[in-house]
Amino acid sequence: MVESNCKNDLLSMTKGRLKEVMKDMGCLPYRGEQIFSFLHRNRVKNINEMSSLPRDLRERLSKEFDIPKALVIDALHSEDGSSKYLTAFSDGQAVETVVMDYRFGTSVCISTQAGCRMGCSFCASSKGGLNRNLTPGEMLSQIYLASEMRGRKISNVVLMGTGEPLDNFCNVLSFYDIITDKSGYGLSNRGVTISTCGLADKIRMLADEKRGITLSVSLHAVTDEKRRAIMPVAKKYPLEELVDSCIYYYKTTSRRVTLEYAVIPGFNDDLEDAAGLLSISKRISAHINLIPVNSVEKGIPNTDRKNAERFCDELNLRGANVTLRRTLGADIMASCGQLRNTVITSGGKKE
Ligand code: SF4
């Protein structure tokens, strides 16, 4: 796998790490706090803009460190107000970021990897596999760009774009520590949701970190056989192991898990599926989020809204805690990875 070519990336460093760096450079640790604040509160794009640092320190920093630049290379705006941005980093890797406005604030869905190796059959991001992990700074840049584009502070961040966040575990944790640091951007601890396709061992690891991150698990089917048919990850982590890890997450963090369930007509939307989904959700004390499919694969039909509503009603009647996601951005290729793929398949040129 290729690594990011941005070495000594200041944006990816937690406040604690920046203090250590300052100490190593013979400076007092509070300089690290100043740099952190410049980067994540004032969001300077250049070391020279850190005006309260002595000039010689800025010069030394500029020689050894960098602030990675992210560039929006394409943007699509939906009639419903949501936007999708294609953001490129210095090595040319591009990822998608989606911005959505709700009554309670603005939410951003960010990517955590360039590509993905999980291979879910309904997802455009799995085409071409994984190119590389994103650094914490590259995840943060997507939020800062979105904040700039909207001209307001972002209130919620969902790690649900391209990539499997728990497959990039350490970088995702550093990202979380930086974005929620009160002397930086100061996003609320409860404002970050990680969405995983079900890496049971990493769910347990995340629970043990006790960060209180909101966890969302892509279930999409209630038997091993059906899950394996659309999600190769299910071959490694059988349903029982996944369910156990979710129970562990809830018990350890007191954070209720959300089960994401893409309603695929004729595949996972009959009464038996509803009963299985209800039973799993009760065991985990989970909320169910039904998702209408915006398919990229031949053989996986798009969800009929009425069918999904019927499935949702069925679950409601049986006492499930369930909602049906409203489809935002259907006119701008809302399913993750579709915009990125138009660029990859056209050799980097968007028509
Ligand atoms: S749905 Fe998520 S985990 Fe699955 S291939 Fe797409 S990006 Fe990867």
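Read-outs: derived from the displayed coordinates by stated rules, not from any lab. All values derive from a computational prediction rather than experimental measurement. Reconstructed Cβ throughout: ideal geometry from the backbone, glycine too, with neighbour counts over all protein chains shown.
FRET efficiency for residue 189 and residue 149, Cβ-Cβ distance as r, R0 = 41 Å, nearest 0.05? Walk me through the numbers before you get to the answer.
Values: r = 25 Å, r/R0 = 0.60.
E between residue 189 and residue 149, to the nearest 0.05, is 0.95.
In terms of modelled amide H atoms, which long-range or inter-chain residues lie less than 5 Å from the amide H of residue 263?
Under 5 Å from the amide H of residue 263: 291, 293.
Any chance you could check the Cα centroid distance between the stretch 229-287 and the stretch 158-180 for me, in angstrom?
The stretch 229-287 and the stretch 158-180 have Cα centres separated by 21 Å.
So what's the back-of-envelope 222 nm ellipticity for the chain, counting only DSSP H runs of four-plus at -39500 (n - 2.57) apiece and dividing by all residues, rounded to 500?
When only DSSP H runs of four or more count, the value is -11000 deg cm²/dmol.
Can you tell me how much longer the chain between residue 279 and residue 211 gets when fully stretched, taken as 0.36 nm per residue apart minus their C-alpha distance, in nm with one decimal?
Working: separation 68, 0.36 × 68 = 24.48 nm, distance 2.77 nm.
That pair, residue 279 and residue 211, stretches by 21.7 nm at full extension.
Taking only Cα atoms, what is the 0 to 90° angle, nearest 10, from helix 30-40's long axis to the longest principal axis of the chain?
50
Using the Kirkwood radius over Cα pairs, work out the Stokes-Einstein diffusion coefficient for the stretch 1-89 at 20 °C and 1.002 mPa s, in µm²/s as a whole number.
Numbers: Rh = 14.7 Å.
Diffusion coefficient, whole number: 145 µm²/s.
Place a +1 charge on the Cβ of each Lys and Arg in the chain and a -1 charge on the Cβ of each Asp and Glu, then give the dipole magnitude about the Cα centre in debye, rounded to the nearest 20.
Values: 48 positive and 42 negative charges, 175 e Å.
Value, rounded to 20: 840 debye.
Per-residue HN-Hα couplings for the stretch 280-292, Karplus 6.51 cos²θ - 1.76 cosθ + 1.60 at θ = phi - 60°, whole Hz, x for Gly and Pro?
5, 5, 5, 4, 8, 6, 9, 8, 9, 10, 7, 10, x
For a quick check: with amide H placed at 1.01 Å from N, whose amide H comes under 5 Å from residue 185's, ignoring anything fewer than 5 positions away on the same chain?
none
Between residue 73 and residue 102, with labels modelled 7 Å along Cα→Cβ, what's the label distance in nm to one decimal, could you check?
The answer from the label model is 3.1 nm.
Where does the chain land on the Kirkwood hydrodynamic radius, alpha-carbon pairs, in angstrom?
On the way: mean 1/r = 0.0473 Å⁻¹.
Its Kirkwood hydrodynamic radius stands at 21.1 Å.
Report the antiparallel proportion of the DSSP beta bridges in the stretch 81-226 as a percent, rounded to a multiple of 5. Before the final figure, lay out the partial values.
Numbers: 14 of 25 bridges.
So the antiparallel bridges in the stretch 81-226 amount to around 55 percent.
Starting from the alpha-carbon convex hull of the stretch 115-241, give the projected area averaged over all orientations, in nm². Write down the numbers at each step before the final one.
Working: hull surface 32.9 nm².
For the stretch 115-241, the mean projected area of the Cα convex hull comes to 8.2 nm².
Check residue 322: other-chain or 5+ apart residues with amide H under 5 Å from its amide H, H built from backbone geometry?
Hits under the 5 Å cutoff: 288.
Which trypsin sites (Lys or Arg not before Pro) from the stretch 151-193 combine a DSSP loop assignment with at most 14 other Cβ atoms within 10 Å? Please report the intermediate quantities before stating the final value.
On the way: sites: 152, 153, 182, 190; in loops: 152, 153, 182.
In loop regions of the stretch 151-193 (DSSP not H, G, I, E or B), the sparsely surrounded trypsin sites (Lys or Arg not before Pro) are 152, 153, 182.
Using r as the Cβ-Cβ distance of residue 272 and residue 236, and R0 as 30 Å, what FRET efficiency do you calculate, to the nearest 0.05? Write out the running numbers ahead of the final one.
Numbers: r = 25 Å, r/R0 = 0.84.
Once rounded, the FRET efficiency stands at 0.75.
How high is the FRET efficiency from residue 224 to residue 304, r the C-beta distance, R0 41 Å, rounded to 0.05? Please list the in-between numbers first.
Working: r = 27 Å, r/R0 = 0.65.
Using R0 = 41 Å, I get an efficiency of 0.95.
For the cross-link pairs 236/306; 23/202; 127/251; 19/69; 127/226; 23/63, which exceed 29 Å when the distance is taken from alpha carbon to alpha carbon?
Numbers: 236/306 34 Å; 23/202 33 Å; 127/251 36 Å; 19/69 23 Å; 127/226 21 Å; 23/63 17 Å.
Table pairs above 29 Å Cα-Cα are 236/306; 23/202; 127/251.
At 10 °C and 1.306 mPa s, what whole-number value in µm²/s does Stokes-Einstein give for the translational diffusion of the stretch 195-253, with Rh from the Kirkwood sum over Cα pairs?
Numbers: Rh = 11.5 Å.
For these conditions, the coefficient is 138 µm²/s.
Percent antiparallel among DSSP beta bridges with both residues in the chain, to the nearest 5? Don't skip to the answer; put the middle values down first.
Numbers: 20 of 44 bridges.
Percentage antiparallel, nearest 5: 45.
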